[in-house]
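Single-structure report; data block below.
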Amino acid sequence: MTTLSDGDVILIPVFNDWVSLGVLLRDLDRELARGARRASVLVVDDSSIVPVPANLVDEPLEAISRVDVLRVTRNLGHQRAIAIGLSYIAARRNHNAVVVMDGDGEDLPSDVPRLLEEMERLHNSAVIFAKRIRRSNGPVFALFYWLYRMVHRVLTGIPVRIGNFSAAPVEAVRQLVVSSDLWNHYAAAVIHGRIPTAMIPTDRGPRISGSSSMDFVSLVGHGLSGMSVFADRIGVRLLIATVSLVFTLLATLFGTLLLRVFSYVSVPGWASISFGVLAILLVQGAMLALVFIFMIEMSRAGSSFVPARDYEVFVGSVKQLEIPDARQTAAAG
């Protein structure tokens, strides 16, 4: 049996979804206790409109030692809430590992011990992600998600296989919080930072309560944020494609000139028209190449938001929630 430990923290970003979080905390406590583990929980309140319920934790917890709520001063979105939470943990706490999960129930609490066990099996050398083998989303979401994966693969050369649900050793967290990539997308920052990763198969659970606050536009923005981390790779791949097009156009121009000089077939104006069209395409290709070169240089040289340095600007307050004492509860009963 695994030895009891206070060395893990579970990071949960939340926006208004307090009903689901209350249920999740009880389920999570039960699963941690079953695996003989102890952990604390940091909830990042992404400037929710609905205030934190006074009875969010309404019964004693066996495996969760404390629950803190960090309120962000303005709504920043899911990914940046994670970045602030990781930065806060790295700066103020000394934990063995950080589990990142959603608070709506779609990340199953029963998978948390599995993620931690796999991380420990690999001697805390890799970030362990949950790989979805079955999803509960509808066919429309599945179609657009497939299209996004295809576009992501073509532009970056990297397949989309993971989300936020993961367990990260503390050393990996310390690497992440000094990377500006984390401000845009957690999982992409891990991949782009070349931090070792591994995966375990998991199912995606149903939402506990309500519906997602992310609409289609938000989902597209989330996808673009993930790809923006790989702006340098995208720029280089597009540059290679553009240069290849330029050389193809040059070869075609040269072939047009040869046909014009040595061909005995006379078609009035065909060479001039072909040459003009190809010349215009060649100029546009050269301009695109310059744009991509500029984009690559800007992505490398521009000043960036570094979460470990700048996150405190968005921290409004941190409150530790009161957990009912089991003995007092038993006495009152």
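The values are calculated or read from the model by the stated rules, or taken from the named source; none is laboratory data. Predicted model only: the values in this text are computed from it and were never measured. We place every Cβ from the backbone using ideal geometry, glycine too, and count neighbours over all the protein chains shown.
Brief remarks on what is shown
- Total residues in segment 153-179 satisfying the condition of being in a helix (DSSP H, G or I) and within 26 Å of I12 (Cβ to Cβ): the figure is 7.
- Among the residues here, V43 qualifies as in contact with a Pro (Cβ under 9 Å, 6 or more places away or on another chain), among the aliphatic types (A, V, I, L, M) and over 16 Å from Y186 (Cβ atoms).
- Within the set D46, D68, the sole residue that is within 17 Å of R92 (Cβ to Cβ), assigned by TED's automatic domain parsing to the domain that holds D104 and either out of contact with any Leu (no Cβ under 9 Å at 6 or more places or on another chain) or modelled with pLDDT of 90 or more (or both) turns out to be D68.
- Pairs are defined by a Cβ separation below 7 Å, a sequence spacing of at least 6 or placement on different chains, a first member in segment 176-194 that is closer than 19 Å to R149 by Cβ and touching a residue at least 40 places away in the same chain (Cβ under 8 Å), and a second member that is surrounded by fewer than 21 Cβ atoms within 10 Å (Cβ to Cβ) and of a type in the set (A, V, I, L, M); the pairs so defined are A187/I162.
- Residue list for segment 39-62, filter: over 17 Å from E322 (Cβ atoms) and surrounded by 18 or more Cβ atoms within 10 Å (Cβ to Cβ): A39, V44, D46
- Filtered residues of segment 26-43 (kept if more than 25 Å from E312 (Cα to Cα) and either in contact (Cβ under 8 Å) with a residue 40 or more places away in the chain or in contact with a Leu (Cβ under 7 Å, 6 or more places away or on another chain) (or both)): D27, L28, D29, R30, E31, L32, R34, G35, A36, R37, R38
- Residue list for segment 42-68, filter: part of a loop (DSSP other than H, G, I, E, B) and charged (D, E, K, R): D46, D58, E59, E62
- Elements of type helices (runs of 4 or more DSSP H) in segment 222-321, at least 3 residues being closer than 30 Å to N75 by Cα and modelled with pLDDT of 70 or more: 231-262, 307-310
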